[in-house]
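Below is one structure, written out as structure tokens, with a few remarks after it.
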Amino acid sequence: MLKRLFLAATLGALAAPVLVSPAAADTSCRQALGEYKSKYEPFLSEFYNMNDKAAQCALVDQRRREIRNFGTKLKSACTGTSTDQVQSARDDIETFALTALNICGPQ
């Protein structure tokens with residue numbers, strides 16, 4: 001009986017969601033925003049400044065999955081954070097996805 005109780009308690013603890021402290025979440029969000037500013041903001045600027053559709057689509061082919069994955073990372077790292085910086089980064093990534101879809105089609 002005691003073994004069953006221990007097993008149930010252990011399984012319950014493993015199944016319980018792990019809560020991240022606000023400080024850790026804030027750090028993750030800041031790191032994601034820093035990555036966006038240094039890596040993805042310049043890429044998006046380059047994409048929008050191109051005049052050649054074929055070049056834009058080639059760039060999209062190279063980086064679409066990476067940017068989609070980063071959008072997911074940003075969303076999870078900054079859950080519950082609604083600063084202007086976070087919202088702007090999310091909007092930029094979403095706009096890029098829609099623009100790339102309109103210019104290059106689904107891939």
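All of the numbers you see were taken from the coordinates with simple rules; none came from a lab. Only a predicted model underlies this, so the values are computations on that prediction, with no experimental measurement involved. Here the Cβ positions follow ideal geometry from the backbone for every residue, glycine too, while neighbour counts run over all protein chains shown.
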Quiz item: Hey, what do the phi angles of the stretch 54-71 turn into as Karplus ³J(HN,Hα) couplings, whole Hz, using 6.51/-1.76/1.60 and θ = phi - 60°, x for Gly and Pro?
Solution: 4, 5, 4, 5, 5, 5, 4, 4, 6, 10, 4, 4, 4, 6, 4, 5, 5, x
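Quick check: net charge around T83, other residues with Cβ under 13 Å of its Cβ, Lys/Arg +1 and Asp/Glu -1?
Around T83, the charge tally is -1.
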Quiz item: Taking the stretch 23-104, how many lysine pairs are there with alpha carbons less than 21 Å apart, if each pair must be eight or more places apart or span two chains?
Solution: 4
Practice problem: Lys and Arg at +1, Asp and Glu at -1: add these up for the other residues within a Cβ distance under 12 Å of S28 and post the number. | Solution: +1
